[in-house]
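The values are calculated or read from the model by the stated rules, or taken from the named source; none is laboratory data. Keep in mind the model is a prediction, meaning the values are calculated, not measured. Cβ atoms come from the backbone with ideal geometry, glycine included; neighbour counts cover every protein chain shown.
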Amino acid sequence: MASHVIEAAMDIEAPEFRRIGNNTKVTREDWMRIAVATLMAQGVDAVRVMPLSEALGVSRSSFYWYFKDRDDLLDQLLIHWRETNTRAIVDRAGREAPTIIQAVLNVFECWIDEDTFNPALDAAIRSWSRNSARVRKDVDQADADRVLAIRDMYLRFSYSEEDAFIRARVLYYMQIGYYAMDLGETLDQRLSHLSAYLRSFTGVEPSTEDLRGFGPRRITASTGSWTSQSDR
């Protein structure tokens, strides 16, 4: 039977099922959403066709319209993780910025918006990797790709090769460790230390203009820039 956690996740996602006669028609995206929710809530062992079909209220034959088998679904979960979490960091690290402070703030977007970078999904994949050499290889590659993207960001602002690499490691591994420790800080508490974080990661004093408005925000669809709630 589907757990209340999965049901809650489905409510949040609000999938819109199409009904044909007495049957419920679900899409590939619906299967992926319930699989991701299950992975995060219960781990990879719970990601199985029958429980997912019961949670969706459809026969498991629907699954095979979209996936060859369970292994195919698991492969798609890994692809989804790479194309969301890893791509978010790589893309923001590569975004143009006038200063290193603004460049680091671009990366910080990942840490303050779970729609951009999902820490629960990252944790679920890392947990899965402890019992799968193949997934561990994927995790190691993702970590390397993320660190190198951040390193390249520092290199664009004339840091030495070694300084760029070590600062990238410090910035990235601190954040991954922060999620692992689950400190329970509110966003406001964390942002109260924003200046100190930026000094630590860059060796540069942030300006008032750098810090202005960097808080609870939303990303505009057209530009990907942040809009502060205080500016609305």
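Here are the numbers for the structure shown:
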read-out: Test: residue in segment 128-147 that is modelled with pLDDT of 95 or more, of a type in the set (S, T, Y) and over 16 Å from R92 (Cβ atoms); value: yes
read-out: Candidate set: segment 148-175, residues that are small (G, A, S) and closer than 18 Å to N85 by Cβ; chosen: the one surrounded by the most Cβ atoms within 10 Å (Cβ to Cβ); value: A168
read-out: Output for segment 192-208, where each listed residue is in contact with a helix residue (DSSP H, G or I) (Cβ under 8 Å, 6 or more places away or on another chain) and either of a type in the set (D, E, K, R) or over 25 Å from I166 (Cβ atoms) (or both); value: E205
read-out: Residues that are part of a helix (DSSP H, G or I) and either exposed (fewer than 14 other Cβ atoms within 10 Å of the Cβ) or small (G, A, S) (or both), drawn from segment 55-74; value: A55, S61, S62, Y64, W65, D71, D72
read-out: Segment 159-178: number of residues that are farther than 15 Å from I89 by Cα and under 18 Å from the mean Cα position of the chain (by Cα); value: 2
read-out: Residue check for L211: modelled with pLDDT under 95 and within 17 Å of F108 (Cα to Cα); value: yes
read-out: Subset of segment 75-94 [without any contact (Cβ under 8 Å) to a residue 40 or more places away in the chain and buried (at least 18 other Cβ atoms within 10 Å of the Cβ)]; value: A88, R92
read-out: Residue under evaluation S53, criteria (1) free of Cβ contacts under 8 Å to residues at least 12 places away in the same chain; (2) in the same structural domain as Y178 (by TED's automatic domain parsing), criterion not met; value: (2)
